[in-house]
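The structure appears below as structure tokens.
Since every read-out is calculated from the coordinates, none of them should be taken as a lab result. Everything quoted here is computed from the prediction, not taken from an experiment. Glycine gets a Cβ as well: all are built from the backbone with ideal geometry, and neighbour counts include every protein chain shown.
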Amino acid sequence: MFGPTGPPLLIRMDFQATERLGLPGKLDLLPPRGYFPVMQYHVVLVESVEGFAVSCPALPGCHSQGATREEALAGIRDAIQLWLEVAEEDVRREAEAEGARFTRELVTI
């Protein structure tokens, strides 16, 4: 079933629901890579004799560095992606420890 904006982004079914449908115990359908809209973050670059240091003020502890500006920016892109993945894992782990169910939704504002 497709919504007004295209295919569903994420479908999660618990064990009982999937069992009734004769499906595996857990069903996750994730969107293809690149499906989500672009996320933008401001970063701060500091040039020194050693190269460039870069940080993302919106994400505490998210830093990188590089010999060139391009290397530093490539590094911070990777660092931001990893920061977000770890943050999501932490939220999921905390929610599951409290007995809550974790789902993901796309909200457009």
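Each other residue within a Cβ distance under 13 Å of residue 97 adds +1 if Lys or Arg and -1 if Asp or Glu, for a net charge of -2. In terms of overall dimensions, region 43-100 has a Cα radius of gyration and Dmax of 14.7, 51 angstrom.
Distance between the 7 Å Cα→Cβ label points at residue 93 and residue 71: 3.2 nm.
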